[in-house]
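The values are calculated or read from the model by the stated rules, or taken from the named source; none is laboratory data. Fair warning: this is a prediction, and the values are worked out from it, not measured in the lab. Heads up, the Cβs are rebuilt from the backbone with ideal geometry, glycines too, and the neighbour counts pull from every protein chain shown. We work out accessible area using only protein heavy atoms, side chains counted, and drop any ligands, DNA or RNA first. Shrake-Rupley method; radii C 1.70, N 1.55, O 1.52, S 1.80 Å.
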Amino acid sequence: MGFEENIFTVANKEALNSAAQWLIHKSAGRKKWFLYGNMGAGKTTLVKQLVQELGFIDAVVSSPTFSIVNVYENAADKTKRIYHIDLYRLKNYEEALDIDIESYLDDTAFCFVEWPQIIENLADADFFKIFIETTQNSERKIIIL
């Protein structure tokens, strides 16, 4: 495990706790996150840890590849939620509008979006963008863009 200014290297799943804490700190309160990375890079695994770090301890986090949007509620406060969105299966911006992507991004809740390329035009300075890549050592490198 190690980190530089905008790069955090994770050697194993146990180190994800530190990576999630680091990212939450680096996000400076931004609640809209775009997660980039190849298939299997660990985007959903990272979201699982982020959801836990944000206090949603009872949330069952799973990949929203087929559902497109998963909503996680805080067991202690049902008014708090996190949106976890996976746009991998969508073909274009219009399909993102069909799932009402703008309402999720406009909400005050945390919103983690995997495969956000088709909606990048909606991003502004308040969006936190990270890229996850797999290294030759099977480590994960988390890079703040």
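Computed values, structure above
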{"read-out": "Residues of the stretch 52-98 satisfying the condition of being over 22 Å from Tyr36 (Cβ atoms) and not aliphatic (A, V, I, L, M)", "value": "Gly55, Phe56, Asp58, Glu73, Asn74, Asp77, Lys78, Thr79, Lys80, Arg81, Asp98"}
{"read-out": "Residues of the stretch 121-138 that turn out to be assigned to a loop (DSSP other than H, G, I, E, B) and either among the polar types (S, T, N, Q) or open to solvent by 80 Å² or more (accessible area, probe 1.4 Å) (or both), as a count", "value": "7"}
{"read-out": "Candidate set from the stretch 25-59 (those that are touching a helix residue (DSSP H, G or I) at 6+ places or on another chain (Cβ under 6 Å) and among the aliphatic types (A, V, I, L, M)); member that is surrounded by the fewest Cβ atoms within 10 Å (Cβ to Cβ)", "value": "Ala59"}
{"read-out": "All positions within the stretch 69-96 that are aliphatic (A, V, I, L, M) and within 25 Å of Leu145 (Cα to Cα)", "value": "Val69, Ile82, Ile85, Leu87, Leu90, Ala96"}
{"read-out": "Selection count where residues are open to solvent by less than 30 Å² (accessible area, probe 1.4 Å) and modelled with pLDDT under 90, scope the stretch 60-88", "value": "1"}
